[in-house]
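Novice: What follows is a single structure, and I will ask about it in a moment.
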Amino acid sequence: MKILITGATGLVGTELVNLLLRNGVQVNFLTISQNKITKKPNLQGFFWNPEQGIIDENAFIGVDAIIHLAGANVSKRWTNTYKQEIIESRIISSNLLFKVLKHNPNQVKQIISASAIGVYPDSLKNIYTETNKNIDDSFLGNVVVKWEESVDKFKLLNIKVCKLRTGIVLSEKGGALFEMLKPIKFGLGAAFGTGKQIQSWIHLTDLTEMYLFAAQNQLEGIYNAVAPNPISNKQLTIAIAKKLKKPLFLPNIPEFMMQLILGEMHEILFSSQNVNNNKIINEGFSFKYTSVEKALEHLL
């Protein structure tokens, strides 16, 4: 099997490339940086620039599936300009891939795209499955809708479309956990708001294994990429502090304060999405890290 990856040098992409190579998968990857183009056994880089519509079409030779991870990081302050970049980086890159496949002979049978649970409405009561049709009335909800629509077009080319709606990715190398560790390490950790908001998470290892599983089993449709046991923000904060043997004595951080610091992006910290993962389990996928405690034990 040969897989083409976009976003291969990001947090998830780097881990995924290593996993695929260990499993004997040939990997092509697209990069916007000329100096990141490498050629090693079973690993070949190719240049693209979605904004300029530039892509090396040799990247698609012999490719069976595409894993599409490219997109600007949402964990930066959302200025109007950056909000536009968050949307366009996902849609323009999808459109370029679609255009190449539409106008060139290829053997691509499947595209697996990153997506996000931010599409589900903020709720302390609801438990969301992939059949939920309600969309969160927020910037992130809107991003996910446009993101997924840009990938659904590949169905027109008789290519199977799989979308992994990802929760909070736990990794010691970056992402949400990496940021949460900083204040807690100095004994300055605290829950956000009421701390009751549910945070559906997934260990980076399980997430990359899920991408491989989706490719090996030619999965189609939407799958929630979250671990079996969601946890409240307060519980997660306590679990991290306990693992690091650090005290938690500060009061919860009020929402208005984080809004002043982060602007609109603060919504990520205060929204609640309790997301169910039975669909991927019923396909036969097995999670290695089913509890936050087990995940933190490994990561920290």
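The values are calculated or read from the model by the stated rules, or taken from the named source; none is laboratory data. Since we're looking at a predicted model, the values are computed, not measured. Neighbour counts are summed over all protein chains in view; Cβ atoms, including those assigned to glycine, are modelled from backbone coordinates with ideal geometry. Accessible surface is based on the protein model in full, side chains and every heavy atom, while ligands, DNA and RNA are left aside. Shrake-Rupley method; radii C 1.70, N 1.55, O 1.52, S 1.80 Å.
Novice: Which of the residue pairs Lys83/Lys288; Lys153/Lys294; Lys36/Lys76; Lys40/Lys155; Lys2/Lys76 have a Cα-Cα distance greater than 28 Å in the structure shown?
Specialist: Lys83/Lys288; Lys153/Lys294; Lys40/Lys155; Lys2/Lys76
Novice: For the range 249-300, how big is Rg over Rh, using alpha carbon atoms and the Kirkwood form of Rh?
Specialist: With Rh from the inverse mean 1/r over Cα pairs, Rg/Rh is 1.14.
Novice: Please list 84-91, 253-260 highest first by mean number of surrounding beta-carbon atoms within 10 Å per residue.
Specialist: Going by the mean number of other Cβ atoms within 10 Å, highest first, we get 84-91, 253-260.
Novice: Compute the Kirkwood hydrodynamic radius of the chain, taking the inverse of the mean of 1/r over all pairs of distinct Cα atoms, and give it in Å to one decimal.
Specialist: 19.9 Å
Novice: Now a separate question. Give me the aspartates and glutamates in straight-line cross-link reach of Lys146: C-alpha distance below 15 Å, same-chain residues under 8 apart excluded.
Specialist: Within the straight-line limit of under 15 Å, Lys146 reaches these aspartates and glutamates: Glu85, Glu88, Asp136, Asp137.
Novice: According to the square roots a ≥ b ≥ c of the eigenvalues of the Cα gyration tensor, what is the shape class of the range 217-284, taking rounded for a/c under 1.5, prolate for a/b larger than b/c otherwise, and oblate for the remainder?
Specialist: It comes out oblate by the Cα gyration axes.
Novice: What does the convex hull of the alpha-carbon atoms of the range 36-168 project to on average, in nm²?
Specialist: 9.8 nm²
Novice: Moving on. Over all directions, average the projected area of the Cα convex hull of the range 105-162 and note it in nm².
Specialist: 4.6 nm²
Novice: Ranked from highest to lowest mean number of other Cβ atoms within 10 Å per residue, what is the order of the peptides 219-228, 52-61?
Specialist: Ranking the peptides 219-228, 52-61 by packing returns 219-228, 52-61.
Novice: Taking every alpha carbon pair in the range 180-300, what does the distance histogram look like in 5 angstrom bins from 0, in percent?
Specialist: The calculated distribution, bin by bin, is 2, 11, 18, 19, 18, 14, 10, 6, 3, 0.
Novice: So if I place +1 on the C-beta of Lys and Arg and -1 on the C-beta of Asp and Glu, and nothing else carries charge, what would the dipole magnitude of the range 79-230 be about its Cα centre? I want it in debye, nearest 20.
Specialist: Charge dipole of the range 79-230: 240 debye, to the nearest 20.
Novice: For the range 1-113, compute Rg over Rh where Rg is the Cα radius of gyration and Rh is the Kirkwood radius from the inverse mean 1/r over Cα pairs.
Specialist: So for the range 1-113, dividing Rg by the Kirkwood Rh gives 0.97.
Novice: Listed highest first by mean packing, meaning other Cβ atoms within 10 Å per residue, what order do 170-183, 126-139, 64-77 come in?
Specialist: 64-77, 170-183, 126-139
Novice: Still on this structure: Using a 1.4 Å probe over the heavy atoms of the protein chains, calculate the carbon and sulfur portion of the accessible area of the chain as a whole percent.
Specialist: Carbon-and-sulfur percentage of accessible area, whole number: 52.
Novice: What net charge do the residues around Phe46 carry, taking every other residue with its C-beta under 11 Å from that of Phe46, with Lys and Arg at +1 and Asp and Glu at -1?
Specialist: 0
Novice: Let a ≥ b ≥ c be the square roots of the eigenvalues of the Cα gyration tensor of the range 1-62; is it rounded (a/c under 1.5), or, if not, prolate (a/b larger than b/c) or oblate?
Specialist: Judged from the Cα gyration tensor, the range 1-62 comes out prolate (a/c at least 1.5, a/b above b/c).
Novice: As a test, work out the antiparallel percent of DSSP beta bridges whose residues both lie in the chain, rounded to the nearest 5.
Specialist: So the antiparallel bridges in the chain amount to around 15 percent.
Novice: In Å², and per residue, what accessible area does the chain have when probed at 1.4 Å with the other protein chains present?
Specialist: Ligands and nucleic acids excluded, the result is 48 Å² per residue.
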